[in-house]
Amino acid sequence: MAFFQEPSVADLRLLACPGAEELTDLIDRHLVEWAKSAGVEKDSFIIPCECPRFQSGDAKGLVKESVRGDDIFIVVDPGNYSVTYNLFGYENHLSPDDHFANLKRLIQAVAGKAHRVSVIMPSLYGGRQHRRVVRESLDCAVALQELQTMGVKNIITFDAHDPRVQNAVPLLSFDNAMPTYQVLKSLDRKSTRLN
């Protein structure tokens, strides 16, 4: 709430990658409520966007409003397997790689125009592959470095499998929120209702 009472350098805006719309709506509702309590009338912070696919299976990122000078938060859920698209008559489910590619498409669509780009990724892409055991890829570390190279300034994730993965991008703001308190609070509420 105090955020909206302080003068800001840039307007806060949200982009939802395909499959992260529900989470983005929840975030938006909280932001709208906090803004109203601070006397700021705003219906929504969400900018409409999409990642339409061509018949070949290729896709593009499309942001439908100006983002010039805005503080952009892109929400992506690489673990959402329920998103589908049609490819040569077959129903394809988006993989974590597809979600990450959509994220990069939306970053490219706002690149050079937004004041700052931050990524909210509840489940860290490639987070299970964070440490080399034999000759194998380090997907999470390379993905974080790629986002940093694309101009992302902040990564926000929840309960990273190994928080030391942030060492791959030591100059990038990396927030690893631990949801333990929220889980315990929810369990306490449910147990109180049952008793």
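Some notes on this structure:
- Selection from Ala38, Cys51, His161 lying farthest towards where the dipole of the chain points positive, charges on Cβ: His161
- Ile156 paired with Glu91, simple spin-label distance in nm, labels 7 Å along Cα-to-beta-carbon: 3.3
- Segment 133-194 versus segment 30-60: alpha-carbon centroid distance in Å: 23
- Accessible area of segment 105-195 belonging to carbon and sulfur atoms, whole % at 1.4 Å probe: 52
- Shape category assigned to segment 56-115 from the gyration tensor of Cα positions, a/c cut at 1.5: prolate
- Each peptide among 48-57, 111-120 gets the average number of other Cβ atoms lying within 10 Å of its residues, and from highest to lowest they stand as 111-120, 48-57.
- Pairs beyond 28 Å (Cα-Cα), from Lys42/Lys153; Lys42/Lys185; Lys64/Lys104; Lys42/Lys113; Lys64/Lys153; Lys36/Lys60: Lys42/Lys185; Lys36/Lys60
- Three-way shape label, segment 1-101, alpha-carbon gyration tensor, a/c 1.5: prolate
- Mean residue ellipticity (222 nm) of the chain, computed from DSSP H runs ≥ 4 via -39,500 (n - 2.57), nearest 500: -9500 deg cm²/dmol
- The Cα atoms of the chain give a gyration tensor whose axes a ≥ b ≥ c have a/c under 1.5, which makes the shape rounded.
- Charged-residue dipole, Cβ positions (Lys, Arg, Asp, Glu), the chain about Cα centre, Debye nearest 20: 360
The values are calculated or read from the model by the stated rules, or taken from the named source; none is laboratory data. Worth saying up front: this structure is predicted, and the values here are computed from it rather than measured. In this analysis, Cβ positions are derived from the backbone assuming ideal geometry, glycine residues included, and neighbour counts consider all displayed protein chains. When the accessible area is computed, the model is the full protein with side chains, heavy atoms only, and any ligands, DNA or RNA have been set aside. Shrake-Rupley method; radii C 1.70, N 1.55, O 1.52, S 1.80 Å.
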